[in-house]
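See below for the structure under consideration.
The values are calculated or read from the model by the stated rules, or taken from the named source; none is laboratory data. Keep in mind the model is a prediction, meaning the values are calculated, not measured. Neighbour counts are summed over all protein chains in view; Cβ atoms, including those assigned to glycine, are modelled from backbone coordinates with ideal geometry.
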Amino acid sequence: MEMVNDVYKMKGMPVAIDLKKHNQPKRKLNIPKELVPIKNDDTNLIYEIVAKIGETDILDGKKTMTSGYNTSILGPVIRLRKGQQTRLIAKNQLNESTTFHWHGLEVAAANDGGPHHEIMPGQEEILEFNVIQEAGTLWLHPHPHKKTAKQVYEGLAALIYVEDDNSDQLLIPKDYGIDDIPLIIQDKTFTDDGQLDYQADYQADGTLGDTSLINGTINPYVDLTKGLTRLRLLNGSNSRNYRISFSDNIPFKQIATDGGFLESPVELTELILTPAERAEIVMDTRQLAVGDTISMLNGDHALIEFNQVAMPIVTNELPTTLNSIKRLSDEEVAKLPMKEFRLAGMGETVTINNEKFDMSVINFETKLQSPEVWRIINEPSMMGGMIHPFHVHGTQFQILSRNGTPVSGADKGWKDTVGLLPKETVELLIEFKVPGVFMYHCHNLEHEDNGMMGQFLVK
């Protein structure tokens with residue numbers, strides 16, 4: 001997918017905010033802890049997850065008021081396993097209502113954490129489900145209507161790792177924090193006294209910060225000792241799109257998308273991530289000498305540095321086969337029912353199919369375990385339009401085509417969020433395995449809060 005500007009410098013449009021190099025000294029990347037379960041055996045897994053307010057040492061000499069899960073900002077990695085019965089005790093210790101949305105997890109709507117399931121301050125909710133999907137990198141974030149963008153901007157986001165028998169046997173980097181590294185990429189603007197002021201930074205077409213952070217760290221670096229390093233990328237920003245590459249145009253291999261492993265690694269020199277999209281990539285530094293440094297870039301802005309501090313340990317080559325993905329033939333797809341979604345407007349005028357979100361309205365119904373084709377159209381506007389990351393709750397889908405052309409490469413992996421350029425049409429093969437009322441929306445969080453969202457009933 002080709003990249004365009006985050007916003008457009010036109011009359012009546014928000015001002016584009018470019019990422020700037022921060023003068024803070026480099027810091028070692030913060031690696032989120034792994035959440036320790038209350039119970040974990042062959043059949044049952046229990047976690048306690050607490051949304052709370054805290055203070056975080058982001059800027060030297062200043063404490064920033066932030067929010068996080070079980071910590072002051074972001075949250076620990078939550079490990080799940082396919083086939084395991086899971087109980088999540090979700091507690092709200094914020095000063096406002098929130099929800100716990102398990103983005104990408106295929107669970108019944110009652111456990112999904114959409115806007116219908118707000119938890120009041122001081123309250124808790126117990127969620128129970130069986131993990132039914134394959135290995136993948138998912139995430140947790142709040143989803144209260146008209147408050148999602150603010151709460152994410154202030155720090156609420158955490159990664160979820162699902163494992164299965166296939167991921168167990170794959171010979172890929174798995175040493176957490178050493179050669180299997182989570183990277184939550186975000187952008188924020190800080191006041192002179194080091195605070196976040198969402199209301200001051202707010203833009204209706206997507207709030208942009210001037211400072212990049214990874215795992216809550218400004219100017220981060222990582223010391224490498226292995227030859228192959230797996231990076232689990234999440235675009236956790238409210239609205240910024242990232243064009244990921246490495247210095248000297250060093251190639252890398254993508255091994256997974258939002259919902260699981262690709263069938264085989266895809267070699268790339270550049271990767272586009274729109275908000276909420278994930279990608280697992282592997283970089284090969286076996287040709288680097290001790291003391292060499294490479295940077296991961298967004299355009300020409302350095303997001304993080306990787307320092308080769310030891311002679312790389314000899315590792316296996318990546319497997320040529322990672323996964324098996326069941327696909328329908330063109331003839332089978334042609335017989336499926338189709339639904340159409342038109343994404344339109346900007347700022348406060350955003351809509352889907354000329355409708356704004358109404359909590360009391362079910363926009364349509366769909367059948368359980370019945371595949372469909374969804375055609376998503378990013379309507380042009382007089383001002384050119386914007387990229388819209390389209391997200392569907394309760395499922396993982398396959399992208400069939402972009403502008404009528406069958407997709408290839410990493411676009412053929414499991415997805416729950418897909419970025420659409422202005423005037424672009426994407427067709428999805430989608431099926432729901434769990435019942436209930438689910439959301440579909442733009443994952444530009446300001447657009448979502450402004451009503452670029454709908455809901456549907458699976459039964």
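Among the residues of region 30-50, write down those that are assigned to a loop (DSSP other than H, G, I, E, B), of a type in the set (A, V, I, L, M, F, W, C) and surrounded by 13 or more Cβ atoms within 10 Å (Cβ to Cβ). Steps first, please.
Step one: list which residues in region 30-50 are assigned to a loop (DSSP other than H, G, I, E, B), which gives 30-33, 35-38, 41-43.
So of that shortlist, the ones also of a type in the set (A, V, I, L, M, F, W, C) come out as 31, 35-36, 38.
Matches in region 30-50: I31, L35.
The residues listed here are T405, T417, T395; of these, the one that is modelled with pLDDT of 95 or more, among the hydroxyl-bearing types (S, T, Y) and farther than 20 Å from F261 by Cβ is T405.
Of all residues in region 148-194, those being under 30 Å from P265 (Cβ atoms) and not charged (D, E, K, R) number 22.
Residue check: G227 meets all listed conditions (1) more than 16 Å from A157 (Cα to Cα); (2) of a type outside the set (K, R); (3) at pLDDT 95 or above; (4) crowded, with 19+ Cβ neighbours inside 10 Å but one, namely (3). Answer yes or no: is there a residue in region 159-177 that is polar (S, T, N, Q), part of a strand (DSSP E or B) and surrounded by fewer than 20 Cβ atoms within 10 Å (Cβ to Cβ). Within region 159-177 (the criterion being polar (S, T, N, Q), part of a strand (DSSP E or B) and surrounded by fewer than 20 Cβ atoms within 10 Å (Cβ to Cβ)), the answer is no, since none of the residues qualifies.
Is it the case that region 292-302 has a residue that's under 30 Å from K146 (Cβ atoms) and not aromatic (F, W, Y)? Yes - at least one qualifying residue is present in region 292-302.
Being more than 16 Å from the chain's Cα centre (by Cα) and of a type outside the set (V, I, T) is the filter; apply it to region 405-416 and report the residue that is surrounded by the fewest Cβ atoms within 10 Å (Cβ to Cβ).
From region 405-416, those more than 16 Å from the chain's Cα centre (by Cα) are 405-409, 412; that's our starting set.
Next, from what is left, pick out any that are of a type outside the set (V, I, T): 406, 408-409, 412.
On the way: P406: 12, S408: 9, G409: 11, K412: 19.
For region 405-416, the residue satisfying everything is S408.
Yes/no per residue for (1) more than 21 Å from the chain's Cα centre (by Cα); (2) of a type in the set (V, I, T); (3) in the same structural domain as A110 (by TED's automatic domain parsing):
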{"site": "T395", "(1), (2), (3)": "no, yes, no"}
{"site": "S401", "(1), (2), (3)": "yes, no, no"}
{"site": "V418", "(1), (2), (3)": "no, yes, no"}
{"site": "T425", "(1), (2), (3)": "yes, yes, no"}
{"site": "E431", "(1), (2), (3)": "no, no, no"}
{"site": "V434", "(1), (2), (3)": "yes, yes, no"}
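Is it the case that region 261-277 has a residue that's outside any strand (DSSP E or B), among the charged types (D, E, K, R) and at pLDDT below 95? No, that holds for no residue. Could you look through region 396-445, keep only residues that are assigned to a loop (DSSP other than H, G, I, E, B) and of a type in the set (V, I, T), and pick out the one that is farthest from L322 (Cα to Cα)? Residue satisfying both the conditions and the ranking: V434. Restricted to region 197-216, and to residues there that are buried (at least 22 other Cβ atoms within 10 Å of the Cβ) and outside any loop (DSSP other than H, G, I, E, B), the residue that is nearest to the chain's Cα centre (by Cα) is I214.
Count of region 294-326 residues, restricted to those that are over 17 Å from A256 (Cβ atoms), touching a residue at least 40 places away in the same chain (Cβ under 8 Å) and over 22 Å from the mean Cα position of the chain (by Cα), is 11. Look at (1) within 21 Å of M452 (Cβ to Cβ); (2) among the small types (G, A, S); (3) surrounded by fewer than 17 Cβ atoms within 10 Å (Cβ to Cβ) and you find that G194 fails only one, number (1). Those residues that are in a loop (DSSP other than H, G, I, E, B), closer than 25 Å to K412 by Cα and charged (D, E, K, R), I need them from region 298-344; list them, please. Matches in region 298-344: E317, K326, R327, K335. Residues that are touching a Leu at 6+ places or on another chain (Cβ under 9 Å) and either of a type in the set (K, R) or without any contact (Cβ under 8 Å) to a residue 60 or more places away in the chain (or both) occur in region 432-449; there is at least one. Do the conditions hold for G194, that is, is it in contact (Cβ under 8 Å) with a residue 40 or more places away in the chain, at positive phi, in the same structural domain as E305 (by TED's automatic domain parsing) and touching an Asp or Glu at 6+ places or on another chain (Cβ under 8 Å)? No; evaluated as a whole, the condition is false for this residue. For region 368-375, the criterion of a residue being in contact with a Cys (Cβ under 8 Å, 6 or more places away or on another chain) and crowded, with 16+ Cβ neighbours inside 10 Å is satisfied by no position.
In region 1-13, is there at least one residue being modelled with pLDDT of 95 or more and in a loop (DSSP other than H, G, I, E, B)? The answer is no, given that none of the residues of region 1-13 is modelled with pLDDT of 95 or more and in a loop (DSSP other than H, G, I, E, B). Would you call K21 within 19 Å of N241 (Cα to Cα) and modelled with pLDDT of 50 or more? Answer is yes for this residue.
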